[in-house]
Amino acid sequence: MKRSVYRYLLVVDITQSMNARDYHRTGLPADRLGFVKVSIRQALHDLPCGSELGLGLFTTHHTQLLLEPLEICQHFSLLDDTLEHIDWRMAWAADSHIAHGLYSGLREAARRGKETRLAFFSDGQQFPPEPEAPSFDGKPGEVGGVIVGVGGSQPVPIPRLDRENRPQGFWESVDLRDYLPASAMPGQKEGSAYYLSHLDESALRGLAAGTGLGYHRLETPEGLVRALMAKDLAAERMVATDFSGMLALLALFFLLLTRLPRLPGRK
Amino acid sequence: MPDDDRGRERKAVSFSHPWALLLGLLAVIPWLLSGQKKLGYSSIARLPEDRLSVWIDRGLRLLAAMAVLLLALGIAGPHLREQWVEKLGTGAQIALLVDHSSSMNENFSGAYLGGKANESKSALAAKLLVEFVDRRRDDLFALVAFSAAPIYVLPLTQDREAVRAGVQALGGRGHGITNIAPGLAMALDYFKGQPLTGSRIVLLVSDGGARMEEETGDQIRQLFQDVQASLYWIYLRNPKGGRLSVAPKNPNESATPEYFLHRYFQTLGVAYQAYEADDPQTLQQAIAAVEKLENRPLHYREKLPRRDMSSYCYGLALSCLLVLLVFQSLEVKAWNG
């Protein structure tokens with residue numbers, strides 16, 4: 001029988017702005033990366049069996065794959081374990097050129113077959129800031145998928161953590177002065193020396209429009225699952241379906257039918 | 001049928017559709033109603049009571065009731081949950097520690113390859129490692145990728161498909177510098193808390209070394225001894241790069257870190273073996289050499305997939321029904337006597 005399944009490459013931004021804590025839902029992590037992980041776990045639970053998810057990381061200009069797409073029901077525990085261990089400290093460098101990362105994610109997805117979609121999780125925080133996104137040289141819409149915007153609209157400071165994940169305060173603009181253009185330096189906003197980060201939706205929407213991807217703002221894990229299960233992103237697969245239950249039910253019905261009292265036979 | 005339990009509960013037998021068990025209540029119907037034709041007979045009271053017929057009648061009702069019960073049970077979809085069984089094989093617990101720094105994008109001659117890098121060291125190592133994983137049926141594998149920082153990919157597992165998915169993913173472009181020490185620490189960490197059985201191997205696949213602080217070196221030496229793991233290093237040598245066994249002319253740790261790393265590994269106090277590979281053939285030979293080593297009895301647990309038992313129910317129900325069918329055909333349809 002034909003059934004809708006999904007095949008996604010999930011690429012997660014692990015730059016430090018993803019450590020910013022601007023989710024406020026009881027029982028769920030406050031930091032962006034943690035919230036993304038919880039949401040992906042929900043998708044692992046809720047997508048239909050037969051769907052395949054691959055995991056990848058994004059920092060600097062690149063997307064790096066951790067796992068090729070794997071069937072989610074059979075490999076649930078391992079996918080879950082790998083997901084759980086995704087960490088900002090895996091980053092091989094600290095910059096964040098989102099457009100480049102997105103394009104390399106699209107290339108990776110394209111290499112994995114026509115039905116492989118990309119879901120790219122990012123807060124849109126470009127670092128160092130770039131005035132203009134580089135243009136996309138692929139064919140928009142060739143790879144389907146969705147950009148998932150992570151974070152809140154209110155600017156919040158970015159926690160500064162050491163290699164043991166101990167908080168060391170927040171990133172201040174002064175720390176980053178070598179990388180920032182003069183216009184981004186404090187002074188225009190009095191008192192706030194923190195380098196702030198918010199979900200840059202306009203940038204992400206722009207990228208989505210340029211590449212033919214959808215855009216979804218991550219607000220709840222359930223919302224993400226719905227966005228991933230969009231009809232136009234599904235792949236029809238033949239899935240072995242077991243009809244034996246139906247047939248047994250029929251057999252049961254007929255058996256009981258024969259037990260019903262019949263009219264006495266005529267002589 | 002969708003399998004939605006994914007190991008949330010722990011019971012030996014469970015049902016996919018427990019509601020269907022209620023259908024079992026219908027079994028009273030054949031017990032109460034025989035379904036045989038009623039035949040008119042003028043003076044039934046005069047017939048002698050036939051004990052045999054009474055028992056046969058009860059037997060047939062019982063059979064029909066059982067058939068109903070079994071069908072209901074079958075529809076409910078009983079299955080044995082996934083089970084872990086202890087197995088004994090010969091093999092090893094192998095932590096793959098694979099370099100994924102940007103230098104792995106080059107081919108063996110040191111030339112940088114562009115987008116379609118089928119011959120990059122990464123791609124080749126990934127391909128050969130997949131074959132290696134496929135051949136070592138009894139081993140457990142864990143996977144760490146490393147460049148500037150270690151990347152946790154998979155814990156020790158028997159799930160070959162997942163290991164393959166992880167190793168294949170490493171065939172793509174690498175990024176960043178080579179920083180071995182944290183990767184080693186992570187790989188060794190996988191063995192902690194695991195039962196010490198079979199042999200433990202860290203299989204390092206890397207095209208270069210990196211300077212290691214003395215303190216870090218001591219910590220890693222301690223870790224190696226704590227978990228009793230041996231180390232194999234497949235060194236993907238750039239033809240211009242130094243050999244491990246030959247001391248460089250002007251020893252300098254930043255120019256020839258490989259040589260120093262090799263020397264350091266020899267002081268670990270655990271079994272250590274290095275293989276140099278400077279072209280695809282020698283790489284294949286190195287992997288084959290690792291493959292021959294380290295086969296010790298290994299206790300491991302294997303997950304048996306869940307087993308569907310509804311077909312047994314249907315089979316039994318069918319045999320009940322066949323017996324009923326035979327008796328039905330013997331039934332007296334009309335009273336001509």
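Every read-out reported here was derived from the displayed coordinates using simple, explicitly stated rules and does not represent laboratory data. Fair warning: this is a prediction, and the values are worked out from it, not measured in the lab. Cβ coordinates were reconstructed from backbone atoms using ideal geometry, including for glycine residues, and neighbour counts include every protein chain displayed.
A few comments on the model shown:
- Charge sum, other residues only, whose C-beta stays under 15 Å from B:ILE56's C-beta, Lys/Arg counted +1 and Asp/Glu -1: -1
- Relative contact order of the stretch A:81-143, taken over Cα pairs closer than 8 Å and 6 or more residues apart, is 41 percent.
- Net charge contributed by nearby residues that have their C-beta within less than 15 Å of A:PRO159 (K/R +1, D/E -1): -2
- Residues of the stretch A:39-71 falling in the label zone of A:ASP242, defined by backbone nitrogen less than 16 Å from a point 7 Å along Cα to beta-carbon, are A:49-50.
- Sequence-separation-based contact order of the stretch B:87-301, relative, with Cα cut under 8 Å and 6+ spacing, percent: 27 percent
- Of the GluC sites (Glu not before Pro) in the stretch A:71-149, those whose Cβ has at most 14 other Cβ within 10 Å and which sit in DSSP loop: A:GLU132, A:GLU142
- Cα-Cα pairs of chain A separated by more than 22 Å (percent): 60 percent
- Averaged over the residues of peptide B:140-150, the number of Cβ atoms from other protein chains lying within 10 Å of each residue's Cβ is 3.
- Under the simplified labelling scheme, the A:ARG205-B:LYS240 pair shows an inter-label distance of 5.1 nm, with each label point 7 Å from Cα along Cα→Cβ.
- Chain A, relative contact order in percent, only Cα pairs under 8 angstrom and at least six apart counted: 24 percent
- Partnerless Cys - the protein assembly as shown, beta-carbon criterion under 4.7 Å: B:CYS313, B:CYS320
- The listed peptides A:210-221, B:321-332, ordered by packing as a protection proxy, come out as A:210-221, B:321-332 (highest mean of other Cβ atoms within 10 Å first).
- Eligible aspartates and glutamates near A:LYS37 by straight Cα distance, threshold 12 Å, same-chain separation 8 or greater: A:ASP13, A:ASP80, A:ASP81, A:GLU84, A:ASP87
- Taking the average, over residues, of other Cβ atoms within 10 Å as the packing measure, peptides B:220-232, A:48-60 rank A:48-60, B:220-232 from highest down.
- Pairs of Lys residues in the stretch B:87-301 that lie 8 or more places apart, or on two chains, and have C-alpha atoms under 20 angstrom apart add up to 4.
- Mean-position separation - Cα centroids, the stretch B:143-185 and the stretch A:193-253, in angstrom: 28 Å
- Peptide B:154-162 has a mean shielding of 4, counted as Cβ atoms of other protein chains within 10 Å of each residue's Cβ.
- Taking only the Cα atoms of the stretch A:50-157, the radius of gyration and Dmax are 14.7, 45 Å.
- Peptide B:64-77 has a mean of 4 when you count, residue by residue, the C-beta atoms of other protein chains within 10 Å of its C-beta.
- Prolate/oblate/rounded call for the protein assembly as shown, Cα gyration tensor, a/c under 1.5 rounded: prolate
- Taking B:LEU80, B:LEU71, A:LEU250 and counting other C-beta atoms within 10 Å, the order from fewest to most: A:LEU250, B:LEU80, B:LEU71
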